1. Go over the candidates ALA193, ALA188, ALA241, ALA234 one by one and state the one that is surrounded by 23 or more Cβ atoms within 10 Å (Cβ to Cβ), under 23 Å from VAL141 (Cα atoms) and in contact with a Ser or Thr (Cβ under 6 Å, 6 or more places away or on another chain).
2. Do you know which residues across the range 358-378 are in contact with an Asp or Glu (Cβ under 8 Å, 6 or more places away or on another chain) and surrounded by fewer than 24 Cβ atoms within 10 Å (Cβ to Cβ)?
3. For the range 479-516, enumerate the residues that are part of a loop (DSSP other than H, G, I, E, B), more than 18 Å from LYS422 (Cβ to Cβ) and either free of Cβ contacts under 8 Å to residues at least 60 places away in the same chain or not β-branched (Val, Ile, Thr) (or both).
4. Any residue in the range 321-333 that is closer than 27 Å to ASP514 by Cβ and either in contact with a helix residue (DSSP H, G or I) (Cβ under 9 Å, 6 or more places away or on another chain) or among the hydroxyl-bearing types (Ser, Thr, Tyr) (or both)?
5. From the list GLY373, GLY352, which residue is of a type outside the set (Phe, Trp, Tyr) and in contact with a His (Cβ under 8 Å, 6 or more places away or on another chain)?
6. From the list PRO384, PRO402, PRO433, which residue is without any contact (Cβ under 8 Å) to a residue 12 or more places away in the chain and over 18 Å from the mean Cα position of the chain (by Cα)?
Amino acid sequence: MHKALLAVLATLVLAPATSAQTAPAALPDDQAQMKAHVLFLASDAMRGREAASPEYAIAAEYVAAQFFAAGLVPAGQDGGYLQKVPLVAYRAADHGDIVLTRKGSGPRPLLFGDDFTPGAVAGAARTTLDAPVVFVGHGIVAPRYKRDDYAGVDVRGKIVAFFAGAPASFQSEERAHFQSGATKAAIAAAHGAVGTILLTPAALPPAGGAWDRARTTWAKADGTGDMAGAPQLATLSATGAAKLFAGARTPWKTILAKSTDAEARFTAEPLGASLAVALRTSFEPGTSANVAGMIRGSDPTLGKEVVVLSAHLDHLGVKAEGKGDLIYNGAEDNAVGIAALIEEAKRFKASGKPPRRSILFLAVTAEEKGLVGSDYFARHPTVPIKSIVADVNLDMPILSYPFEDMTVFGADRSTLGPIVAKAVGTLGVTMSPDPDPAQGIFVRSDHYRFVQQGVPSVFLWPGQKGPGKAATAEFFAHRYHQVSDDLSQPIDWAQGIRFVNANYAIAREIADGDARPRWNKGDFFGLLYNGYGAK
């Protein structure tokens, strides 16, 4: 038996019982089964289920066992339920060197901490280049908004410098897409740039802030990390940017005056300067796993199509320092979502009626590290990616109140919206629009990795009608990504079963429908990722 598993079992047996364990409330069997999953997954013994930790590995084995008990066939790799996910943590190994050269003047090193902080390049241990710099505003190209920050310049083989952010006038989910660093890096690479520089209109944090913090992605065969787009080479302060713009056609003070206006439009221009950049990145490998189980579809034709139901299994682990409770148990985020996924699988077995389409139940790793496990699966799927017709994602359903509606992020982008509305309507639950569009939540959970492969996808939450608004605000203020997201908080297990029933109805409706889900014609994300039905 694995030593870590022995240690966990000993902890569970010998540790003093919590109040929740000492006097369990009398619950109907279905509620008790859902709570039992959360009692295990969110226990202190799981130490926050951080991706690649021994405790996460045990949690993955637990989910695999539950998938087996629910009658799912293995859909991982090598005939099992687990899909190995090679992870790598990467960080700037030192502060690197950046030297500015302008025609007619000698090399001028930029000062670490005052002028710049280095980037960490996931795809290479050493990054060395010397290239001219071109300013491109916010680094956005968005034809539907008549926005092209690269207009009039050739950036092939050059470094592009831009500000963070995107115009508030963009539709909220599309704005979230355009302001992400990954999108800006991809746009830069598509135009031939070899690197990017992020400009800030202020000073850098003391000592450069968290410039050397570790980031995580999935690892390539050579041990470096997956990297899409042009690498971010550095972040420049207002002081560093002033040096970069010295002698440029447009003075830095003019640029700076407009920099805090997300709606501002800048004219792209070469800056008449080059940067010689030398960076080192260090790598620390790790291994984690996604968990996948399937119900095979009964229809000879539709059974070849796959509906994915996803939820993330990992959480934040343990605080590095402090006193008292240091464990991020992740009860609502997302042990409850995993418990709902397991109980939903049981509904199909209990129904005695297999779905027409195949359904793949997927518990993913490293969501908290940047949707890494779902990205790995979407790009290394254990079923053909073209067979996946939809993803329904369960992430952090807040179950502390009797919900009256469901918020379905992405409902207005594909035919999944009407399908979900019909399914939850049979349970007396209505579907409500996004209560806070400015958050751009559609691009912030695991379903988005399927969107990026062209798959129509939605993300479900209990809605905010009635008591929902106050309960949601309380959770985000006092429990989200805090050690208080544990089993001491009020979780209404009857609402958990309502949530399971709603998701079962949704999955059944998608799986048994005559028509496969399709993007709405002309939808931004459907067109961007060449999704079915968007053209």
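1. On the way: ALA193 fails: in contact with a Ser or Thr (Cβ under 6 Å, 6 or more places away or on another chain); ALA241 fails: in contact with a Ser or Thr (Cβ under 6 Å, 6 or more places away or on another chain); ALA234 fails: in contact with a Ser or Thr (Cβ under 6 Å, 6 or more places away or on another chain).
Of the residues listed, the single one that is surrounded by 23 or more Cβ atoms within 10 Å (Cβ to Cβ), under 23 Å from VAL141 (Cα atoms) and in contact with a Ser or Thr (Cβ under 6 Å, 6 or more places away or on another chain) is ALA188.
2. Within the range 358-378, GLU368, LYS369, LEU371 qualify.
3. So the first thing to find is which residues in the range 479-516 are part of a loop (DSSP other than H, G, I, E, B), and the list is 479-492, 513-516.
Subset that is more than 18 Å from LYS422 (Cβ to Cβ): 479-492.
Selection gives ARG479, TYR480, HIS481, GLN482, SER484, ASP485, ASP486, LEU487, SER488, GLN489, PRO490, ASP492.
4. Looking only at the range 321-333, we keep the residues that are closer than 27 Å to ASP514 by Cβ, and these are none.
No: zero hits.
5. Numbers: GLY352 fails: in contact with a His (Cβ under 8 Å, 6 or more places away or on another chain).
Result: GLY373 is the single residue among GLY373, GLY352 that is of a type outside the set (Phe, Trp, Tyr) and in contact with a His (Cβ under 8 Å, 6 or more places away or on another chain).
6. Working: PRO402 fails: without any contact (Cβ under 8 Å) to a residue 12 or more places away in the chain; PRO433 fails: without any contact (Cβ under 8 Å) to a residue 12 or more places away in the chain.
Going through PRO384, PRO402, PRO433 in turn, the sole match is PRO384.
Conditions tested, residue by residue: (1) under 26 Å from the mean Cα position of the chain (by Cα); (2) crowded, with 23+ Cβ neighbours inside 10 Å; (3) in the same structural domain as PRO402 (by TED's automatic domain parsing).
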{"position": "ASN501", "(1), (2), (3)": "yes, no, yes"}
{"position": "ILE506", "(1), (2), (3)": "yes, yes, yes"}
{"position": "GLY513", "(1), (2), (3)": "no, no, yes"}
{"position": "ARG516", "(1), (2), (3)": "yes, no, yes"}
{"position": "ASN520", "(1), (2), (3)": "yes, no, yes"}
{"position": "ASP523", "(1), (2), (3)": "yes, no, yes"}
{"position": "LYS535", "(1), (2), (3)": "no, no, no"}
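Residues checked against (1) in contact (Cβ under 8 Å) with a residue 60 or more places away in the chain; (2) outside the structural domain of ALA161 (by TED's automatic domain parsing); (3) under 22 Å from LEU204 (Cβ atoms):
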| residue | (1), (2), (3) |
| --- | --- |
| ALA242 | no, no, yes |
| ALA246 | yes, no, yes |
| LYS253 | no, no, yes |
| SER259 | yes, no, yes |
| ARG265 | yes, no, no |
| ALA268 | yes, no, no |
| LEU275 | yes, no, yes |
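The values are calculated or read from the model by the stated rules, or taken from the named source; none is laboratory data. Remember, it's a predicted structure, so these values are computed and weren't measured experimentally. Here Cβ is always computed from backbone atoms with ideal geometry, including for glycine, and neighbour counts include all displayed protein chains.
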